[in-house]
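The structure under discussion appears below in the form of C-alpha cells.
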Amino acid sequence: MEDLAALFGSLQGELRVGQKIEPKFLTDFVGSRVGQAEIYFRPMDEENLREAMKLAYAAKLPVTIRGAGTNLVGSTVPERGLVLDVSALNQILEFDEDNLCVTVQPGVILKDLISFVEGKGYFYPPDPAEKNASIGGNVATNAGGMRAVKYGVTRDYVLALELIKTDGSRLQLGAKTRKDTTGLNLKNVLIGSEGTLGVISKITLKLLPKPESSQSAVIAYNSLGEGIAHVNLILGAALEPTAIEFVERRCLALGEKYLNRKFPCPAADSFLIVTFDGGKEQVQERLERCRQLVLEQGAMEFVPLSDPKVAENVWSIRSALAQAVKASGVWEPVDTVVPLDKIALFVQSCREIAARFKVRIVPFGHAGDGNVHLCILKDDIEMERWPVLLDHTLEALYEQAYALGGLISAEHGIGKAKRKYLLRHLDPQVRELMLGVKQVFDPLNLLNQHDGYTL
Ligand SMILES: Cc1cc2nc3c(=O)[nH]c(=O)nc-3n(C[C@H](O)[C@H](O)[C@H](O)COP(=O)(O)OP(=O)(O)OC[C@H]3O[C@@H](n4cnc5c(N)ncnc54)[C@H](O)[C@@H]3O)c2cc1C
C-alpha cells in the first residue's frame with residue numbers, strides 16, 4: 001500500500017489510500033454494492049491521467065474508471081486496485097459552429113453541456129434523466145434517455161473520440177465528419193464499452209439547431225395496459241413524438257412524496273407523457289392530432305402542458321422517480337428492452353412475475369423505444385431471503401425479455417449487476433468475439449475487471 005502511495009504520490013491530483021477512500025467512491029448510484037480498492041486517484045489533467053495509466057500498467061494494477069458514479073449496474077464498484085476518477089477533466093475545449101460540434105473532456109457534466117450548447121442556440125438531443133452524469137460516462141454507457149424515440153442515443157452524436165489505452169498511449173478515432181466508412185468503426189466499439197477498453201479522454205459531439213418549439217402533454221388512463229396499448233397507436237400515426245414515457249400512479253406517488261409536488265389528474269391510474277418538438281404550428285397540430293386520437297380510443301384525459309411551470313413540475317417528478325425509489329429502501333433497477341410491438345405483453349408479464357415471486361415491481365420508463373424500466377423493491381422481505389428471491393425474479397424477467405425478442409439492457413449497461421445474466425444468455429461465439437476485442441485493447445485484463453465483458 002505504501003509503495004502504491006509513493007508511486008502515485010509524484011503525480012498531480014487527488015490521492016487517497018486504503019481506509020482513506022470514502023465508500024462513495026467504491027459504489028454506484030444504487031449503493032447496495034460497495035467494493036474495495038487499494039488506491040483512489042483523481043488526476044488534475046490529461047497528462048496526469050496518462051501517467052497514472054502507465055503506472056498502473058507497469059504495476060499490473062487493476063483499474064476501475066469512474067465518471068460521476070451515477071450508473072445503476074455496479075460498473076464503478078471495484079474489486080481491488082485503483083479507482084481512477086476522471087471527474088476533474090471537465091473542460092469544454094472547443095465550440096465549432098461551422099462544423100456544428102462541440103469537443104469536451106470526459107468529466108463535463110451533462111447539465112453543464114446542455115446549458116452551454118443551448119446558450120449558443122443549439123441542441124444536444126440525448127436526454128438521459130440523470131443530468132449530473134458525465135459525458136464520458138454517457139459515452140461509455142451509450143446513454144439513451146427520453147428523446148431517443150425521435151433523436152436516437154448518445155452513439156448517434158459522437159463524431160470523434162480520444163482514448164487513453166491501458167498502457168497510457170493515446171488513440172484518436174473518428175473525425176469531425178458526418179459520414180465515416182473508413183475501416184472498421186472502432187469508435188462505435190468504444191461507445192458503450194463501460195470502461196473495459198480504455199479511458200475516453202476527449203469527445204467531439206454533433207449538435208443540431210435548437211427546435212423552435214417543444215411541448216409535452218400528459219395522457220391519463222384507467223389502467224397501465226390501456227396506456228401502453230396507446231404507445232403503438234401514437235407511434236403508428238406519423239406524429240413523430242420526441243418522447244413517450246409511461247408511469248403508474250403508485251410509482252408517481254413515490255416521486256410526488258419525494259419532491260413534495262403534485263402530478264396532474266389525481267384520479268387516473270396510469271399515464272403517458274408525450275413530447276413533440278419542431279416548428280410552433282407543427283407542434284400544436286401534432287398535439288391536437290394526438291389528443292383526438294387517444295381520446296377517441298378511450299384515454300381518460302389529455303392535458304397539454306402549455307405552462308412551462310406545469311411542464312417542469314411533471315418532468316421533474318418523472319426524472320426523480322429513481323431517486324424516489326432509492327429513498328424508499330433497498331431496490332434493484334432493471335433496464336430491459338423489447339421490440340415495440342411487445343411492450344404491452346412484457347409489462348403484463350412483469351405483473352405476473354411479481355405475483356409469482358410475491359415481490360413489488362414498479363415499472364416506468366421510455367415506452368416509446370421499448371425500454372421498460374423496472375424497480376424491484378425489497379420492502380419488508382427478510383434480508384436472508386432477498387438475494388435468492390431477487391435472483392429468481394431477475395432471471396424470470398430476463399428470460400421473458402429474451403423470449404419476446406428483447407435484451408437485458410437498453411441503456412444502463414451490464415456492469416457487475418447483470419454480468420451473470422448476460423453470460424447465461426450470450427451466444428458463446430459472440431462472447432468469444434467480445435473477449436477477443438477486450439484482449440486487443442486490454443491485454444493484461446486490467447480495466448473494469450468486474451464488468452460483464454471481462455472473464
Ligand atoms: C436518477 C437516474 C436516472 C438515470 N436515467 C438514465 C437514462 O434516462 N438513460 C440512461 O442511459 N441512463 C440513465 N441513468 C444511468 C446513468 O446516469 C448513466 O449510465 C450515465 O451515463 C453514467 O454516467 P456517469 O458519469 O455517472 O458514469 P459512471 O457511473 O461513473 O460510470 C459508468 C460506466 O462508464 C465508465 N466510464 C465513466 N467514464 C469513463 C471514461 N471517461 N472513459 C471510459 N469509461 C468511463 C465507468 O467505468 C463505468 O463502467 C440514470 C441514473 C440515475 C441515477
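Coordinate-derived values only; no laboratory data. Computed from a predicted structure; not experimentally measured. Cβ sites come from the backbone with ideal geometry, for glycine too, and all protein chains shown count toward neighbours.
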Fraction of the pair-distance distribution of the chain above 40 Å, Cα-Cα pairs, percent: 20 percent
Filter on K187/K418; K24/K358; K54/K176; K165/K418; K131/K309; K111/K280 - keep pairs with C-alpha separation over 22 Å: K187/K418; K24/K358; K54/K176; K165/K418; K111/K280
All-pairs alpha carbon distance profile, the range 194-316, 5 Å steps from 0, percent: 2, 10, 19, 20, 16, 11, 9, 7, 4, 2, 0
Relative contact order (%) - criterion: Cα under 8 Å, at least six apart; region: the chain: 16 percent
Potential lengthening between L345 and E382 on full extension [0.36 nm per residue; Cα-Cα distance subtracted]: 10.3 nm
Computed over the range 2-85, Kirkwood Rh from alpha-carbon pairs, angstrom: 12.7 Å
Label-to-label distance, nm, for residues given as K24 and Q292 (7 Å Cα→Cβ offset): 5.3 nm
Estimated FRET transfer efficiency when R0 is 30 angstrom, pair M44-N185 (beta carbons, to 0.05): 0.40
Pairwise label distance in nanometres, F116 with K54, each label 7 Å out on the Cα-Cβ vector: 2.7 nm
Extension gain (nm, one decimal) between L426 and L444, 0.36 nm per residue minus Cα-Cα: 4.2 nm
Net dipole in debye of the range 213-321 [+1 Lys, Arg Cβ; -1 Asp, Glu Cβ; about Cα centre; nearest 20]: 360 debye
Point-to-point label distance, D167-R155, nm (Cα→Cβ direction, 7 Å offset): 2.9 nm
Magnitude of the charge dipole, the chain, Cβ model with Lys/Arg +1 and Asp/Glu -1, debye to 20: 360 debye
